[in-house]
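S.K.: Handing you a structure now.
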Amino acid sequence: KRKMLLDKSIEAFSNAIALDSSNVDFYRNQAISYALADDIDNCKLVLQKGFILSKSDILYSYLVDKERLKKLFEQSVKYLSTPIKEMLATEFGVHL
């Protein structure tokens with residue numbers, strides 16, 4: 001059931017991104033879904049897209065700063081694999 005729900009979450013955020021590809025929150029939330037599904041590559045890719053978008057508009061930059069991402073992922077830390085945590089620390093400076 002967990003996998004099914006995560007797949008639906010990823011799909012929902014994919015649809016949201018298709019409707020508004022400039023919304024950094026959609027990318028961040030999809031990244032959490034990928035992290036919970038232990039999909040390191042897609043989690044990293046989606047977060048990188050969020051970072052790129054955040055640089056296009058100063059109003060978005062705070063959405064992907066290290067502290068904000070840390071708070072976002074801390075909510076799910078007990079469900080995240082060690083490789084996901086390591087990737088977040090190495091690639092994005094988010095230490096959980």
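S.K.: ALA18 - would you say it is of a type in the set (Gly, Ala, Ser) and open to solvent by less than 50 Å² (accessible area, probe 1.4 Å)?
M.R.: Judged against the criteria, ALA18 is not a match.
S.K.: Would you check if there is a residue in region 25-36 being touching a residue at least 12 places away in the same chain (Cβ under 8 Å) and more than 12 Å from the chain's Cα centre (by Cα)?
M.R.: No, region 25-36 has no match at all.
S.K.: Going by what's in this entry, would ILE40 be described as touching a Pro at 6+ places or on another chain (Cβ under 9 Å) and surrounded by 14 or more Cβ atoms within 10 Å (Cβ to Cβ)?
M.R.: yes
S.K.: Can you tell me which residue is nearest to LEU47 (Cα to Cα) among those in region 58-84 that are of a type in the set (Gly, Ala, Ser) and either without any contact (Cβ under 8 Å) to a residue 40 or more places away in the chain or surrounded by fewer than 14 Cβ atoms within 10 Å (Cβ to Cβ) (or both)?
M.R.: Applying the filter and picking the extreme gives SER61.
S.K.: Suppose we filter LYS55, LYS49, LYS78, LYS70 for residues that are under 18 Å from ASP25 (Cβ atoms), basic (Lys, Arg), in a helix (DSSP H, G or I) and more than 12 Å from the chain's Cα centre (by Cα); which single one remains?
M.R.: Result: LYS55 is the single residue among LYS55, LYS49, LYS78, LYS70 that is under 18 Å from ASP25 (Cβ atoms), basic (Lys, Arg), in a helix (DSSP H, G or I) and more than 12 Å from the chain's Cα centre (by Cα).
S.K.: Say whether the condition of being within 12 Å of the chain's Cα centre (by Cα) and closer than 17 Å to LYS85 by Cβ is met by at least one residue in region 10-24.
M.R.: Scanning region 10-24, I find no residue that is within 12 Å of the chain's Cα centre (by Cα) and closer than 17 Å to LYS85 by Cβ, so the answer is no.
The values are calculated or read from the model by the stated rules, or taken from the named source; none is laboratory data. Given the structure is predicted, the values throughout are model-derived calculations rather than measurements. Using ideal geometry, Cβ is built from the backbone for each residue, glycine included, and neighbour counts are taken over all protein chains shown. Note: areas computed on protein heavy atoms with side chains; ligands, DNA, RNA excluded. Shrake-Rupley method; radii C 1.70, N 1.55, O 1.52, S 1.80 Å.
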